[in-house]
1. Assess whether Gly191 counts as being part of a helix (DSSP H, G or I), over 17 Å from His56 (Cα atoms) and modelled with pLDDT under 95.
2. Can you name every residue in region 146-162 that is among the aromatic types (Phe, Trp, Tyr) and either surrounded by fewer than 17 Cβ atoms within 10 Å (Cβ to Cβ) or modelled with pLDDT under 95 (or both)?
3. For region 127-167, which residues satisfy the criterion of being over 22 Å from Ser114 (Cβ atoms) and either assigned to a loop (DSSP other than H, G, I, E, B) or in contact (Cβ under 8 Å) with a residue 40 or more places away in the chain (or both)?
4. If only one of Leu58, Leu84, Leu73, Leu79 is within 13 Å of Tyr116 (Cα to Cα) and without any contact (Cβ under 8 Å) to a residue 40 or more places away in the chain, which one is it?
5. Can you pull out every residue in region 53-85 that is over 20 Å from Val165 (Cβ atoms) and surrounded by fewer than 18 Cβ atoms within 10 Å (Cβ to Cβ)?
6. Do you know which residues across region 96-143 are of a type outside the set (Val, Ile, Thr), within 19 Å of Thr51 (Cα to Cα) and in contact with a Leu (Cβ under 7 Å, 6 or more places away or on another chain)?
7. Return the only residue of Met108, Met50 being closer than 27 Å to Ala138 by Cα, surrounded by fewer than 20 Cβ atoms within 10 Å (Cβ to Cβ) and among the aliphatic types (A, V, I, L, M).
8. Considering only region 86-109, how many residues are basic (Lys, Arg) and under 26 Å from Val164 (Cα atoms)?
Amino acid sequence: LIEFQNDVLRLLDGDSESHFFGAVIIGVSDRSARPTMARKYQVIDGQQRMTTVLLHLLAAVEVLVESDVEEYLADAVALFKKYLVVTSDTDGKSNFKLHSCGEDRQAMNTVMKSVYEIERFKEKLQTFRLIELETGHAAASNKIKQNYKIAKSFMKTQFESNGVVHLQNIYIALLVGVTLVQIVVNNPLSGPKI
């Protein structure tokens, strides 16, 4: 994570124009979805990298919410709704944009819910209701919680040291400064062949 964070800071310093994230292989997992529903893909390779970005974005949301500045709270809501959750109908299934692997789901629920449950944030989300990931029977891992703690510390330090514009530049860099090759396979079982 520290190396990733340093790469993001190099983007802000202008030392590089983008950070190459490698190839992410995804498979189309639900072709029959209604047009009004979110399209679903199965991440075959790249879940950890996508999770790292998601945790940093979530940490930015929490730091903005904790600042107690109304304008920053509005930014937090917009960031959360656009990049972290699906706001349209999910047929009662989780509305997280990224569904973690089995052992990470319980921890992902915990970190997402901890931010969602911040009273003033939840009030601003109005009618939106967070639907957690199904956890199944997989053994729980603390990796997500530990990585979120590191991401939050990084975002908080950057905000306290350099202000909100710097924090905004970090999450913008995460959203537009990270490049990758996306390979889409129609049959998720073909992913390992690639």
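1. Details: part of a helix (DSSP H, G or I): yes; over 17 Å from His56 (Cα atoms): yes; modelled with pLDDT under 95: yes.
Judged against the criteria, Gly191 is a match.
2. Hits for region 146-162: nothing passes.
3. To start, the set of residues in region 127-167 that are over 22 Å from Ser114 (Cβ atoms) comprises 137, 161-163, 165-166.
Hits for region 127-167 are His137, Gly163, His166.
4. Details: Leu58 fails: without any contact (Cβ under 8 Å) to a residue 40 or more places away in the chain; Leu73 fails: without any contact (Cβ under 8 Å) to a residue 40 or more places away in the chain; Leu79 fails: without any contact (Cβ under 8 Å) to a residue 40 or more places away in the chain.
The conditions single out Leu84.
5. Lys81
6. Across region 96-143, the qualifying residues are Phe96, Lys97, Leu98, His99, Ser100, Arg105, Met108, Asn109, Met112, Lys113, Tyr116.
7. Details: Met108 fails: surrounded by fewer than 20 Cβ atoms within 10 Å (Cβ to Cβ).
None of the others qualify; the one that does is Met50.
8. Initially, region 86-109 is screened for residues basic (Lys, Arg), giving 93, 97, 105.
After this cut, where a residue has to be under 26 Å from Val164 (Cα atoms) as well, the list is 97.
Number satisfying all stated conditions: 1.
The values are calculated or read from the model by the stated rules, or taken from the named source; none is laboratory data. Only a predicted model underlies this, so the values are computations on that prediction, with no experimental measurement involved. Here the Cβ is made from the backbone with ideal geometry for all residues, glycine too, and neighbour counts use every protein chain on show. Note: areas computed on protein heavy atoms with side chains; ligands, DNA, RNA excluded. Shrake-Rupley method; radii C 1.70, N 1.55, O 1.52, S 1.80 Å.
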